[in-house]
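A.B. asks: Input: one structure, supplied below.
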Amino acid sequence: METHPTALLSTRRLARNTVWNLLGQGVPMIAALFAVPPLVAALGPANFGIVSLFWLLVGYFSLADLGLGRATTQVVAARLGSDASEGIERTVWTAQCAMSALGVIGGVALWAATPLLVEHLLKIPATLTEESCRAFRILSFAIPAVTLSTGLRGVLEAKHHFGEVSLVRGFMGLSTFLAPLVAISISPTVVAVAASLVLTRWLACAAYVPFCLRAVPGLATFEVARQELPALVRLGSWITVSNIISPILVNVDRLLIGSVISMSAVAWYATPLELVTKLNIVPASLVANLFPIFAGATAARQPDRAAEVFERGLRYVLALLFPPVLLVVIFAHPLLSLWLGADFAVHSAPVLQVAAIGVLCNGLAYVPAALVQGSARPDLAAKLHIIELPIYGVILYFMAGHFGLAGVAAAWSLRVAADLILLCICSSSVLDHRVRWKPFVVTFSGAVAASILALVPHGAVFGAIAGILCTGVILRFVLLNERNSTAGLLWSSGKAPEGEHV
């Protein structure tokens with residue numbers, strides 16, 4: 001496979017891989033819209049609530065790999081980037097064996113904890129207790145498949161085989177909602193739904209295998225190198241810290257609203273937040289391409305190349321996210337009125353507007369987060385999350401008590417903005433302060449200013465005008481820097497641009 005840095009960062013290639021990643025994440029959302037109503041009708045509210053827990057658990061099963069899947073991507077991409085690809089097969093098999101063991105341990109733990117979960121922690125009706133126990137225990141067999149899949153997916157991402165990854169992820173996402181529909185047509189029980197989810201997870205895991213064998217033919221020979229396990233575990237452990245704290249940072253605001261304001265306020269807050277944070281699939285899809293490039297560039301000790309990729313990633317995310325964010329800020333109230341009614345919009349529109357600005361910061365933070373993890377420094381992001389959690393909790397409590405839902409949204413937006421700044425500082429340190437910040441800071445400041453202007457009463461028109469001007473500046477900034485970016489990558493790789501000489 002072609003691994004030249006210019007080829008990996010060509011606009012066409014980035015766009016193609018980003019579209020693949022978007023399809024892999026977006027198609028299941030569409031499937032959910034069609035699958036949920038018949039599932040609710042067939043199962044009833046109580047059983048559907050249990051199925052919703054199945055989906056939640058299946059999503060979190062990937063945490064059972066303790067970050068080894070992401071660590072596999074980092075290590076394999078780093079070796080490819082530094083032309084030290086010999087022994088990749090041993091690394092992959094070592095990680096897969098470890099993840100197999102973790103998957104089995106996780107499955108046994110869920111099996112053993114099922115009675116406690118069903119009979120004491122969850123408010124499941126007594127008539128459904130026995131059936132729910134069987135269903136959760138069946139679901140425990142999916143954990144090894146999920147952990148193995150994360151490692152296999154990591155190999156393909158390291159090799160930039162995003163098309164294959166998206167095909168399997170798309171199948172897995174579709175089957176999450178469509179397989180239960182098939183299952184309830186045979187037996188309308190939660191046991192059948194759990195069995196269908198287990199089956200599709202193992203099918204997805206099996207689907208990764210031929211793709212991995214084609215990407216790394218040496219995997220056909222089983223070989224383990226136990227001496228490589230400590231490095232994988234070290235990387236994975238810090239990634240796991242972030243993976244555990246991040247959901248707490250995401251969900252603690254809703255818990256606080258329920259305890260400080262009201263349960264109705266949770267719906268007014270969570271619904272617009274869930275809506276606008278869906279925009280993050282765009283930077284997530286783009287940055288998935290950049291992570292293995294960061295790993296390869298830093299392993300090859302090419303900070304200039306990594307800095308160029310970093311700057312380019314920030315430019316692209318800003319150009320892609322700012323226009324929809326500004327539209328959400330300007331049209332928040334009519335959008336929510338059309339979707340959920342005028343009464344709901346009165347409470348939720350301010351939350352949507354303030355959170356949208358936070359989403360812009362949050363989306364940009366994907367780039368420095370990928371850099372610090374790709375540079376084998378996931379401890380930096382994890383330590384930031386550890387520091388942020390208690391500070392955010394205090395600010396959140398204060399803002400909720402004094403400013404209501406809009407204050408909670410502002411606290412969330414301030415946290416992700418601080419996260420962006422701190423991660424960028426860490427990234428600059430990792431790259432020996434080679435990043436050219438001024439052009440990005442100026443354009444980003446203009447984008448935020450235009451968004452805030454649209455929040456001012458009767459300022460939507462002025463915000464729209466400022467936003468259009470700012471969008472033009474951003475696009476011009478991206479396009480003018482595109483040629484310079486490509487030229488810089490060619491120079492850093494030792495190949496002169498056409499008409500030039502090294």
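A short reminder: the numbers here are calculations on the coordinates, not readings from a lab. Nothing here was measured: the structure is a model prediction, and the numbers come from that model. A quick note on method: Cβ atoms are made from the backbone with ideal geometry, for glycine too, and the neighbour counts reach across all protein chains shown.
A.B. asks: Quick check on the exposure proxy: order 104, 266, 190 from fewest to most C-beta atoms within 10 angstrom. Could you put the intermediate results ahead of the total?
C.D. replies: Values: 104 15, 266 18, 190 29.
Sorted ascending by nearby Cβ count, the order is 104, 266, 190.
A.B. asks: Another one. Let me check I've understood the local charge: for residue 143, count other residues with C-beta under 10 angstrom from its C-beta, Lys and Arg +1, Asp and Glu -1. What total comes out? Show your work: numbers first, answer last.
C.D. replies: On the way: positive: 201; negative: 65.
Every neighbour counted, the sum reads 0.
A.B. asks: DSSP loop (so not H, G, I, E, B), at most 16 other Cβ within 10 Å: list which trypsin sites (Lys or Arg not before Pro) in segment 107-148 pass both filters. Intermediate values should be presented prior to the final figure.
C.D. replies: Details: sites: 123, 134, 137; in loops: 123.
Answer by residue number: 123.
A.B. asks: Taking Cα pairs under 8 Å and at least six residues apart, what relative contact order does segment 5-224 come out at, in percent?
C.D. replies: 33
A.B. asks: Would you mind calculating the gained length between residue 391 and residue 449 on full extension (0.36 nm times residue separation, minus the Cα-Cα distance), in nm to one decimal? Could the numbers behind the result be given before it?
C.D. replies: Values: separation 58, 0.36 × 58 = 20.88 nm, distance 2.57 nm.
Contour length minus Cα-Cα distance gives 18.3 nm.
A.B. asks: Taking the beta-carbon count within 10 Å as an exposure proxy, list 238, 437 from fewest neighbours to most.
C.D. replies: With the sparsest Cβ surroundings first, the list reads 437, 238.
A.B. asks: Neighbouring Cβ atoms within 10 Å as the yardstick, rank 138, 248 fewest first.
C.D. replies: Ordered from fewest to most neighbouring Cβ atoms within 10 Å, 138, 248 come out as 248, 138.
A.B. asks: Here's something else I'd like to know. Gain in length, residue 255 to residue 42, computed as 0.36 nm per residue apart minus the alpha-carbon separation, to one decimal in nm?
C.D. replies: So the extension gain works out to 73.6 nm.
A.B. asks: Same structure, new question: HN-Hα J couplings of segment 57-62 from phi, Karplus 6.51/-1.76/1.60, θ = phi - 60°, integer Hz, Gly and Pro as x?
C.D. replies: 5, 4, x, 8, 4, 5
A.B. asks: Summing Lys, Arg as +1 and Asp, Glu as -1, what charge do residues with Cβ under 14 Å from the Cβ of residue 419 carry, residue 419 excluded?
C.D. replies: +1
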